[in-house]
Amino acid sequence: MDKVYKHQNVEKKWYSLWEKNGYFTPQENSKVRPFTIIMPPPNANGSLHIGHAMFLTLEDLMTRYHRMQGIPSLWLPGADHAGILTQVVFERKLEKEEGKSRYDLGREEFFRRCMEFTLSNKKTMENQMRAVGASCDWERERFTLDPKFNIPIYTTFVNLFNDNLIYRAERMINWCPRCATALSDLEVIYREQKDPLYYLKYGPFVLATVRPETKFGDTAVAVHPNDKRYKKFIGQEIEFETLLGRAKMKVIADTAVDMKFGTGAVKVTPAHDPLDFEMGQRHHLEIRQVIGYDGRLNEKAGKYKGMKVKEARKVVAEDLQKLGLLEKIDENYIHSVSICERCKTIVEPMVSLQWFVKTKPLAQKAIAAVKKGDIKIIPKRFEKNYFIWMENIRDWCISRQLWWGHRLPVWYCGTSSLSPLQLSMNPDLKKMKNNGCGEIIVDVKTPSSCPKCGNKELIQDPDTLDTWFSSGQWPYTTLGWKQNDEKSSRDFNYFYPTSVMETGYEILFFWVARMIMLGFYSTGKIPFTTVYLHGLVRDAFGEKMSKSKGNVINPIDIIGKYGADSLRMSLVYGTSTGSDVKLSEGKIQAMRNFSNKLWNIGRFIRMNMDFFLQKNVEIPKNVPVKNLNSDDKRILLDLESLQKKVTRNLDSYQFAKAAESLYEFIWHELADKYIESSKTRLRENDRIALGILRHTYLESLKLLHPFMPFITEEIRSKIQEEEKNPLIISKWPNI
RNA sequence: GGACGCUUAGCUCAGCUGGUUAGAGCGUUGCGUUUACAUCGCAAAUGUCGGGGGUUCGAAUCCCUCAGCGUCCACCA
């Protein structure tokens, strides 16, 4: 054995041995309830980052622990096509490397290239997951955009539609002009910034707005019904000067108006503001769209047509000033603007015909499942977040004008049913002659003809589904729901509902909440019984890791330098559930040192075993029961309490505590104390000392194996030749 | 605006249901190489446990309050 542990020589060797021997594939046993984790599928548009290493470590740890307990344990790996994110990443790459846009390639070619890109990333990531030591069942590996998932995903869509839980409607949505798609509320983030607040003269009123460029879409002025200042105007029509000549506008009263803000009177632009849209609905106001989907003003803005929003804002304000219609500007107004989560472009609220999931009825059951305790969220404090969000949930816009994703299972008979947006974005469809009756067909299978008029030339909705609509069904689609083959239904019946959903707290709403809603809806069962949430991995100073800050710790580099075991241990040790983890190279080094300590204990034992062999002293295979001295008794007692502690901690998801106890025991009890005190005894060929030492060490290796699988496997093979089974399938101590 | 979390040694954090001199790792300082390991061992130093108030025989630990930091949610023109 080398003086220093060299992970480079051992990690690959053990991984391929485990994989080749099929240890990752559970042996089904109808008498035992399995342990199942569905891996949160990493987005296949880059390579493995430290966040992935985090969940891989935790999930592997749980899987290995249960596997060693003799429970059929399935950890099902996968990859996510990650709709909008991958499209954005790939579009950037295309622009950078070839100077092309997606429109240059055309839809089919773009999809094909994007698939090529995704599959190649996916392959890289799979090997990187192997390097971390992930003992997942590759035979059951899944990919969200695999065509075989079309049927289950479409089935859910069709069922929801038939139950009136999916509907198509013209609603206010978030529009990203850069990505050219609608976004759900969750895909929008807010950024605080300072913008001028303009006070505009509207006849007898002065109105405050940050968006003078939308004034061409104004269809009313609103005041609070109790506002004494404006009471006399309510219900009247005022006439006043504008940039495009004289205009008339109704004055409405609505309680949504805050009397204390600005002048207490507000311009109402139903087409471009969510609050105004709602007011518009209540007062039956015209929705006058003045900003196009390209982020530019349209013909309704007269001479300002074609200007981008930002430019128009400036010019309009200047022109208003010239005409004396601008009373004042508050330059220090701070408010939050909504931006696209993926490309950081400012999002335009727009009224658009899209598809929505009616979430309230789905949320009720999902809330109840957690309230009743059928699903447990760890740490518990996140339950409150979950409840608050679920109780205030809004309908979910699931149609995207992207090319990368699942097409909607919706067909139109003729072009008349397509939305104006879809027609403008798809020139081919616009060119088509409208030769249908307008029927809308929602079906799992592509319909051959219109059931109403028999037309055979149906048009599939060009939109794609929100990526979370498919990943929200991940726990049951991966296990073969609606796959109609024997193995799939066996898997579904045996492994579903799954045991633990382990993921980052940042996707509790995006993903976990939707899985609970859709899982319940589609299968009538909860998708998992426990949700375990881990924190974000940050740098040593608590800063978020990012390429621009240069503080990124790349797990693959770390594995090359210190080994996967050190990385894994450093992601578990000294952390607390659901809290962010601070990681530094120093911490990883500390764990590498621990690996080396562990290695040298093994080396010390091996060395003594060799001395015994040379001297023809029999090496004890079992723990001697007689003639134990106080050191022996003490270490055995400590070992027993360690076994209990680690088991208890793992059962209660206290992984850090388990790791810390192991570290403490192995280094400071076994190495520092027991080994030191046994040295003289070993020199005198004391078989008891070697027997206890070896036994204690081998038992510790078992307990440590889920945390540090490679080194434990390697050392055990060196000091326990008589055992043919590797540690990965060894028996966890019965306590 | 609402919710949640954090504030304990130079740094990163344990201290759960209140009870002897407040702990660990890293770092610092001193000493050390006998059958493993210098990626090591032994030893030492360092804290009015964010401020204030309360409950209690007793509080880092429970309650109230203030402050700072962080995160999430929300349609503040």
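The values are calculated or read from the model by the stated rules, or taken from the named source; none is laboratory data. Predicted model, so just to flag it, every value in this text is computed and none were measured. Quick reminder, even Gly has a Cβ in these numbers, built from the backbone with ideal geometry, and neighbours come from all protein chains shown. Surface areas here come from the heavy atoms of the whole protein model, side chains and all, with no ligands, DNA or RNA. Shrake-Rupley method; radii C 1.70, N 1.55, O 1.52, S 1.80 Å.
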Quiz item: Condition test on A:ILE728, is it in contact with a helix residue (DSSP H, G or I) (Cβ under 9 Å, 6 or more places away or on another chain) and either open to solvent by 10 Å² or more (accessible area, probe 1.4 Å) or free of Cβ contacts under 8 Å to residues at least 40 places away in the same chain (or both)?
Solution: no
Quiz item: Which of the residues belonging to the stretch A:522-538 are aliphatic (A, V, I, L, M) and either part of a strand (DSSP E or B) or modelled with pLDDT of 95 or more (or both)?
Solution: A:VAL531, A:LEU533, A:VAL537
Quiz prompt | Criterion (within 16 Å of RNA strand B (Cβ to nearest atom), modelled with pLDDT of 85 or more, more than 37 Å from the chain's Cα centre (by Cα) and surrounded by fewer than 17 Cβ atoms within 10 Å (Cβ to Cβ)) met by exactly one of A:LYS310, A:LYS228 | solution = A:LYS228
Practice problem: Could you list, in sequence order, all residues of the stretch A:641-659 that are within 10 Å of RNA strand B (Cβ to nearest atom) and buried (at least 16 other Cβ atoms within 10 Å of the Cβ)? | Solution: A:GLN654, A:ALA656, A:LYS657
Quiz prompt | Tabulated pairs, the stretch A:266-287, first farther than 19 Å from A:CYS176 by Cα, second among the aromatic types (Phe, Trp, Tyr) and open to solvent by less than 40 Å² (accessible area, probe 1.4 Å), C-beta under 7 angstrom, 6+ apart or interchain | solution = A:LYS267/A:TYR202
Practice problem: Could you please let me know if A:ASP638 is open to solvent by 20 Å² or more (accessible area, probe 1.4 Å) and within 14 Å of RNA strand B (Cβ to nearest atom)? | Solution: no
Practice problem: Find the residue count for the stretch A:247-268, including only residues that are within 6 Å of RNA strand B (Cβ to nearest atom), under 39 Å from the mean Cα position of the chain (by Cα) and of a type in the set (Gly, Ala, Ser). | Solution: 0
Quiz item: Are there any pairs, at least 6 apart or on different chains, whose C-beta atoms fall under 8 Å, with the first in the stretch A:252-264 and within 17 Å of A:ALA220 (Cα to Cα) and the second more than 7 Å from RNA strand B (Cβ to nearest atom) and among the polar types (S, T, N, Q), and if so, which?
Solution: A:MET259/A:ASN226
Self-check item: Selection count where residues are among the aliphatic types (A, V, I, L, M), open to solvent by less than 90 Å² (accessible area, probe 1.4 Å) and under 14 Å from A:ILE692 (Cα atoms), scope the stretch A:596-634
Solution: 6
Self-check item: the stretch A:491-518, residues that are within 16 Å of RNA strand B (Cβ to nearest atom), among the hydroxyl-bearing types (Ser, Thr, Tyr) and assigned to a strand (DSSP E or B)
Solution: A:THR503
Exercise. Could you figure out which of (1) over 17 Å from A:ALA317 (Cα atoms); (2) open to solvent by 20 Å² or more (accessible area, probe 1.4 Å); (3) near RNA strand B (Cβ under 9 Å from one of its atoms) isn't true of A:HIS284?
Key: (3)
Quiz prompt | Matching residues in the stretch A:566-611 - criterion: being part of a helix (DSSP H, G or I), within 6 Å of RNA strand B (Cβ to nearest atom) and under 22 Å from A:GLY542 (Cβ atoms) | solution = A:GLY586, A:ALA590
Self-check item: Filter pass, A:ASP557 being within 21 Å of A:GLU676 (Cα to Cα) and open to solvent by 10 Å² or more (accessible area, probe 1.4 Å)
Solution: no
Self-check item: Filter result for the condition that a residue is touching a helix residue (DSSP H, G or I) at 6+ places or on another chain (Cβ under 8 Å) and near RNA strand B (Cβ under 7 Å from one of its atoms), over A:ILE675, A:ILE688
Solution: A:ILE675
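Sort through A:VAL410, A:VAL370 and tell me the only one that's within 16 Å of RNA strand B (Cβ to nearest atom) and of a type outside the set (Phe, Trp, Tyr).
A:VAL370
For (1) open to solvent by 10 Å² or more (accessible area, probe 1.4 Å); (2) modelled with pLDDT under 90; (3) not aromatic (Phe, Trp, Tyr), each residue gets a yes or a no:
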position: A:LYS3; (1), (2), (3): yes, yes, yes
position: A:GLN8; (1), (2), (3): yes, yes, yes
position: A:LYS13; (1), (2), (3): yes, no, yes
position: A:TYR23; (1), (2), (3): yes, no, no
position: A:PRO34; (1), (2), (3): yes, no, yes
position: A:ILE50; (1), (2), (3): yes, yes, yes
position: A:GLU91; (1), (2), (3): yes, no, yes
